[in-house]
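Accompanying notes for the structure given below.
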Amino acid sequence: MPRSKRPDPSALFDAPAARPRGRGRHERRVDVAIRAASDDGILEDTHGGIVAALRALGRSLDSAEAEDSPYAVVTVTRELRAVLDVARMLPAPSTVADPFAALLDDLSTDDATRT
């Protein structure tokens with residue numbers, strides 16, 4: 001009895017998309033943020049691990065987007081935001097530019113004080 005060939009296990013999965021050549025838009029924007037934070041004194045030489053994590057996450061976000069993987073995009077975005085938060089690189093929330101906050105403030109104001 002002839003032996004049957006075993007299927008190639010790699011044929012069961014799609015090959016990952018090749019990483020785009022050069023730096024993607026997220027990786028470039030992360031570099032801009034790192035430079036700005038360094039110029040402003042937020043990041044110092046001792047923050048090398050944070051800088052490395054930010055760059056890796058920017059590259060990962062570009063790869064996830066290129067692979068059209070919404071779950072990976074959301075996951076990497078959440079992690080990138082967490083590292084930006086730890087590094088104190090997120091912009092301060094602004095209530096002036098938030099129309100929903102303005103609506104809530106307006107609704108909480110007494111009718112007698114409205115003009």
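Just so it is clear, none of the values below were taken in a lab; they were calculated from the coordinates. Values in this document were obtained by computation on a predicted structure and should not be read as measured data. We place every Cβ from the backbone using ideal geometry, glycine too, and count neighbours over all the protein chains shown.
Do you know which of the residues in the stretch 59-80 that are under 9 Å from the mean Cα position of the chain (by Cα) and aliphatic (A, V, I, L, M) is farthest from R23 (Cα to Cα)?
Across the stretch 59-80, the extreme among qualifying residues is V74.
Could you say whether any residue in the stretch 71-88 is farther than 20 Å from A37 by Cα, of a type in the set (D, E) and either surrounded by fewer than 15 Cβ atoms within 10 Å (Cβ to Cβ) or without any contact (Cβ under 8 Å) to a residue 40 or more places away in the chain (or both)?
Within the stretch 71-88 (the criterion being farther than 20 Å from A37 by Cα, of a type in the set (D, E) and either surrounded by fewer than 15 Cβ atoms within 10 Å (Cβ to Cβ) or without any contact (Cβ under 8 Å) to a residue 40 or more places away in the chain (or both)), the answer is no, since none of the residues qualifies.
In the stretch 26-73, what residues are among the acidic types (D, E) and in a helix (DSSP H, G or I)?
Taking the stretch 26-73 as the starting set, the residues that turn out to be among the acidic types (D, E) are 27, 31, 39-40, 44-45, 62, 65, 67-68.
Residues satisfying the conditions are E27, D31, D39, D45, D62, E65.
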